[in-house]
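Written below as C-alpha cells is the structure these notes are about.
The values are calculated or read from the model by the stated rules, or taken from the named source; none is laboratory data. On a predicted model such as this, the values are computed, not experimentally measured, just so you know. No Cβ is skipped: glycine too gets one built from the backbone with ideal geometry, and neighbour counts run over all protein chains shown. Note: accessible area is taken over every heavy atom of the protein model, side chains too, but ligands, DNA and RNA are not part of it. Shrake-Rupley method; radii C 1.70, N 1.55, O 1.52, S 1.80 Å.
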Amino acid sequence: MSSNALHVPVMLQRCLDMLAPALARPGAVVVDCTLGLGGHSEALLREFPQVRLIALDRDPAALRLAGERLAPYGDRATLVHAVYDELPEVLDRLGVPRVQGVLFDLGVSSMQLDEAERGFAYAQDAPLDMRMDQTTGVSAAEVLNTYPPGELVRILRAYGEEKFAKKIVDAVVRERAKEPFTNSARLVELIREALPQAAKRTGGNPAKRTFQALRIEVNGELAVLERAIPAAVGALAVGGRIAVLSYHSLEDRLVKQVFAAGARHTAPPGLPVIPEPYQPRLKLLTRGAELPTEEEIAENRRAAPARFRGAERIREEVTP
Ligand SMILES: C[S@@+](CC[C@H](N)C(=O)[O-])C[C@H]1O[C@@H](n2cnc3c(N)ncnc32)[C@H](O)[C@@H]1O
C-alpha cells in the first residue's frame, strides 16, 4: 500500500486556509512539527510553491516514508529527526531565526497504529512497546512491570481519564508478580475482567483509555507538548500563524491555555490604558476548538476526535 493510501490528512483544507495568509510572502518558512507520513507537509509544499518546509518527527520510520514522498520537492523540504520541543535548537542549527507558520497534528500516525508490532493498537496482540522512537526510552511493558502501583493509578487517571484505574492497577500488580507483561492481549484481557459489567457496555473497547494513558506516559507526550507550544509561538515572526490539531481533551486543554495566555495582556490591574510592553502577543483565530465536519468523519474515522485551534503572532516580545 502506498504511504498516500495509509493516511488521509485531518482537516487539511482548514489547516491550509489558516496558514495561507502567513505563507503568502516570498521566502516564508513553515514548520510541520509532526511530519508523520507527510500528508499535511506535501499539501503545504504543493499549495504554497514559494514556501520552504522544515518537518520534524521523532519516529525514524515516518521520516523514511515521508522522505520518499517529499523527494520530488528537493531542497524545499528539510526533514529532521527530533522531538518537537527541540524546535528552537533545530531552527538554530538550520540558521532560521523566525518562521511564518507552524503546524502540529498531534498523536500517533495511522502507520504507527497499523503496524501491529509497534504495540499501539489494543485490537491486535503485539509486544507492549508504544515508543514513537524505538531507539530510545522505556516501553509500555517496562512501565507496566516496574512502576509503583500508585504511580500507575495516577497515570491511568490523569492520561486515560480511567474511572476504574485502581481496579485495573490492582489486577496488573497481582498478575505481574506471577509473570511480567510482554504482550498487549494479556493486558486487554485483564482489563476486560477487571471492569464492572456496566462499564463494558459503553464507550467502545474497555482497554482504550489504559492504552492511551500508557502511550502518553511512554512518550512523555504532555510534558513535551507543554514545552513545545510556547516554543513554537516564540519562533513565529510577527504575522506568523500556528495551527494545532489535538485528539484528546488533555492535549486540547494545554493548547487552549497557552493560546489564551498569549492573547491576554499582562499589565497589572487598574491601568486605564495598556502600555505596549504588556499588550498581548497572540490573536486567537478560532473561537473555541473547531471540529471536523460530519462528512469528513464519515470518510475518515481518525478525524472524529480532532479539535482544531489556531493563533497569529501579532507582536514581538517586549520586556517591560
Ligand atoms: C498524526 S501523525 C501526523 C500525520 C501527518 N500530519 C500526515 O499528514 O501524515 C503524528 C506524528 O507526529 C509524531 N510525533 C508525535 N509526537 C511527537 C513529538 N513529541 N516530537 C516529534 N514528533 C512527534 C509521530 O511520530 C507521528 O508520526
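Brief remarks follow.
- Within the range 251-273, the set of residues being open to solvent by less than 30 Å² (accessible area, probe 1.4 Å) and over 17 Å from Tyr159 (Cβ atoms) comprises Phe259, Gly262, Ala267.
- Top-ranked residue in the range 274-296 [being modelled with pLDDT of 95 or more and in a helix (DSSP H, G or I); ranked as most open to solvent (accessible area, probe 1.4 Å)]: Glu294
- Positions within the range 236-250 being of a type outside the set (S, T, N, Q) and crowded, with 22+ Cβ neighbours inside 10 Å, in sequence order: Leu236, Gly240, Arg241, Ile242, Ala243, Val244, Leu245
- Matching option when the condition is within 13 Å of the ligand (Cβ to nearest atom) and either surrounded by 21 or more Cβ atoms within 10 Å (Cβ to Cβ) or not hydroxyl-bearing (Ser, Thr, Tyr) (or both), among Ala28, Ala77, Ala66, Ala71: Ala66
- Only a single item in (1) under 22 Å from Val83 (Cα atoms); (2) surrounded by fewer than 13 Cβ atoms within 10 Å (Cβ to Cβ) is not met by Arg301, and it is number (1).
- Cβ separations smaller than 8 Å between residues 6+ apart or across chains give the following pairs from the range 71-95 residues that are assigned by TED's automatic domain parsing to the domain that holds Ala55 to residues that are within 16 Å of the ligand (Cβ to nearest atom) and of a type in the set (S, T, N, Q): Ala77/Ser41; Tyr84/Thr34; Leu94/Thr78.
- Which numbered condition Pro9 misses (of (1) open to solvent by 20 Å² or more (accessible area, probe 1.4 Å); (2) within 10 Å of the ligand (Cβ to nearest atom); (3) touching a Leu at 6+ places or on another chain (Cβ under 7 Å)): (3)
- Residue pairs meeting the criteria (Cβ under 9 Å; at least 6 apart or on separate chains; first part of a helix (DSSP H, G or I), in the range 236-252; second among the hydrophobic types (A, V, I, L, M, F, W, C) and open to solvent by 10 Å² or more (accessible area, probe 1.4 Å)): Leu250/Ala158; Leu250/Leu222; Glu251/Leu222; Asp252/Ala289
- Inside the range 203-225, residues that are assigned to a helix (DSSP H, G or I), more than 11 Å from the ligand (Cβ to nearest atom) and of a type outside the set (A, V, I, L, M, F, W, C) make up a count of 5.
- Residues of the range 139-156 classified as part of a helix (DSSP H, G or I) and in contact with a Lys or Arg (Cβ under 8 Å, 6 or more places away or on another chain), total: 5
- Candidates Asp92, Asp125 - the one that is open to solvent by 60 Å² or more (accessible area, probe 1.4 Å), away from the ligand (no atom under 12 Å from the Cβ) and assigned to a loop (DSSP other than H, G, I, E, B): Asp125
- Selected residue [farther than 30 Å from Arg25 by Cα, open to solvent by 40 Å² or more (accessible area, probe 1.4 Å) and in contact with a Gly (Cβ under 8 Å, 6 or more places away or on another chain)] from Gln197, Gln212: Gln212
- Residues in the range 130-146 that are without any contact (Cβ under 8 Å) to a residue 60 or more places away in the chain and open to solvent by less than 20 Å² (accessible area, probe 1.4 Å): Ala141 only.
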